[in-house]
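> My questions all concern the structure below.
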Amino acid sequence: MDSEKRAERQLEILIERYPALSGLKDKIREAYQMLRDSYERGGKLLICGNGGSCADSEHIVGELMKGFCKKRKISEKLRLRLKEIHPEDGEALYENLEQGLPAIALTAQTALNTAFSNDKNPLMIFAQQTLGYGKKGDVLLGITTSGNSKNVLYAFEVAKALGMKTIALTGKDGGKAGKLADLSLIAPSNETYQIQEYHLPIYHALCLMLEERYFGE
């Protein structure tokens, strides 16, 4: 089975486990394709959100930047180069390091966030980081259960100006983010905690699909 079929199988498993998300199947596939195409061009993923969505942002980075469900050994070429630089450390690095898919949680930069918030409009901190980290071809994933988180909306506006792609992971009616983003994944609920409960399997499926694409056997 080739990598794209394995990725599609992960999407099928998601829908089997969470039938309520069946209406999002095509959009989840589209989100995967958007992320895949960005990584193919050397891009990266930026992620932001507030509260529980802040935690989700960092959770996603943890699944993408190291092995999730598969081993991601570094290349033999890099192994040899590391051993050339330092034989003992090189082998230890090879045994422990895993390949990652570049992802940055804009929520995790505490010193930058507090410095910017102290000097400027604190609602623009995600926009500031998008400006600093982002480039054309990257993807910004904004997580907001209401779809109306102003700091996420500001980041979307900057991302669009830079030529980035944008994905909103939201709920209810999608809010302003659902309209502003290139692609919106709207969890089928109006209750915040239920929206968050749906968000986790959605982004886990996306991470699994990407892992199948790049690290599957």
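> Among (1) in a helix (DSSP H, G or I); (2) within 15 Å of Asn148 (Cβ to Cβ), there is one condition Asp173 misses while meeting the rest; what is its number?
All conditions pass for Asp173, except number (1).
> A further question on this structure: Of these, Gln10, Gln33, which one is over 16 Å from Leu169 (Cα atoms) and surrounded by 14 or more Cβ atoms within 10 Å (Cβ to Cβ)? Lay out the reasoning, then the answer.
On the way: Gln33 fails: over 16 Å from Leu169 (Cα atoms).
Result of the check over Gln10, Gln33: Gln10.
> Now a separate question. Would you point out the residue of the stretch 36-65, among those that are part of a helix (DSSP H, G or I) and touching a strand residue (DSSP E or B) at 6+ places or on another chain (Cβ under 7 Å), that is most open to solvent (accessible area, probe 1.4 Å)? Talk me through it step by step, then tell me what you get.
Within the stretch 36-65, the first condition is being part of a helix (DSSP H, G or I), and the residues that meet it are 36-40, 52-64.
With the extra rule that they be touching a strand residue (DSSP E or B) at 6+ places or on another chain (Cβ under 7 Å), the set shrinks to 38, 53, 56-58, 60-61, 64.
Details: Ser38: 3, Ser53: 4, Asp56: 19, Ser57: 0, Glu58: 84, Ile60: 4, Val61: 28, Leu64: 3 Å².
The extreme case among them is Glu58.
> Looking for something on the phi < 0 side of the Ramachandran plot and surrounded by fewer than 20 Cβ atoms within 10 Å (Cβ to Cβ) - is there at least one such residue anywhere in the stretch 161-169?
We begin by selecting, within the stretch 161-169, every residue on the phi < 0 side of the Ramachandran plot; these are 161-162, 164-169.
Imposing the further condition that a residue be surrounded by fewer than 20 Cβ atoms within 10 Å (Cβ to Cβ) reduces the set to 161-162.
Yes: the stretch 161-169 contains one or more residues that are on the phi < 0 side of the Ramachandran plot and surrounded by fewer than 20 Cβ atoms within 10 Å (Cβ to Cβ).
> Of the numbered conditions (1) open to solvent by less than 70 Å² (accessible area, probe 1.4 Å); (2) in a helix (DSSP H, G or I); (3) closer than 23 Å to His199 by Cα, Val158 satisfies every one except a single condition; which is it?
Condition not satisfied by Val158: (3).
> Right, another one. If Lys71 passes every condition in (1) part of a loop (DSSP other than H, G, I, E, B); (2) surrounded by fewer than 16 Cβ atoms within 10 Å (Cβ to Cβ); (3) modelled with pLDDT of 95 or more but one, which one does it miss?
(3)
> Looking at (1) in a helix (DSSP H, G or I); (2) open to solvent by 20 Å² or more (accessible area, probe 1.4 Å); (3) touching a helix residue (DSSP H, G or I) at 6+ places or on another chain (Cβ under 9 Å); (4) farther than 25 Å from Arg9 by Cα, can you tell me which one Asn148 breaks?
Among (1) in a helix (DSSP H, G or I); (2) open to solvent by 20 Å² or more (accessible area, probe 1.4 Å); (3) touching a helix residue (DSSP H, G or I) at 6+ places or on another chain (Cβ under 9 Å); (4) farther than 25 Å from Arg9 by Cα, the lone unmet condition for Asn148 is (1).
> Another question, if that's okay. Being of a type in the set (S, T, N, Q) and closer than 24 Å to Leu200 by Cβ narrows it down to one of Gln128, Gln109, so name that one. Don't jump to the end; show me each part of the working.
On the way: Gln128 fails: closer than 24 Å to Leu200 by Cβ.
Residue meeting the stated conditions: Gln109.
> Sort out which residues of the stretch 74-120 are surrounded by 15 or more Cβ atoms within 10 Å (Cβ to Cβ) and either more than 23 Å from the chain's Cα centre (by Cα) or in a strand (DSSP E or B) (or both), and write them in order of number.
Hits for the stretch 74-120 are Leu78, Arg79, Leu82, Lys83, Gly90, Leu93, Tyr94, Ala103, Ile104, Ala105, Phe116.
> Here is a follow-up. Yes or no: Tyr18 at pLDDT 95 or above, of a type in the set (Phe, Trp, Tyr) and touching a Leu at 6+ places or on another chain (Cβ under 9 Å)?
On the way: at pLDDT 95 or above: yes; of a type in the set (Phe, Trp, Tyr): yes; touching a Leu at 6+ places or on another chain (Cβ under 9 Å): no.
It is false that Tyr18 is at pLDDT 95 or above, of a type in the set (Phe, Trp, Tyr) and touching a Leu at 6+ places or on another chain (Cβ under 9 Å).
> Across the stretch 125-145, which residue is nearest to Ala55 (Cα to Cα) among those that are in contact with a Ser or Thr (Cβ under 9 Å, 6 or more places away or on another chain) and outside any loop (DSSP other than H, G, I, E, B)? Spell out how you get there, then give the answer.
Just the residues of the stretch 125-145 that are in contact with a Ser or Thr (Cβ under 9 Å, 6 or more places away or on another chain), to begin with: 125-126, 137-145.
Add one more test, that the residue is outside any loop (DSSP other than H, G, I, E, B), and what stays is 125-126, 139-143.
Working: Ile125: 17, Phe126: 15, Val139: 19, Leu140: 16, Leu141: 13, Gly142: 12, Ile143: 10 Å.
Checking each candidate, the answer is Ile143.
> Only one of (1) part of a helix (DSSP H, G or I); (2) in contact (Cβ under 8 Å) with a residue 24 or more places away in the chain is not met by Ile15, so which one is it?
All conditions pass for Ile15, except number (2).
The values are calculated or read from the model by the stated rules, or taken from the named source; none is laboratory data. Since this is a predicted model, take the numbers as computed values, not measurements. Every residue, glycine among them, receives a Cβ derived from its backbone with ideal geometry; neighbour counts consider all protein chains shown. These area figures cover heavy atoms from the full protein model, side chains too; ligands, DNA and RNA do not enter into them. Shrake-Rupley method; radii C 1.70, N 1.55, O 1.52, S 1.80 Å.
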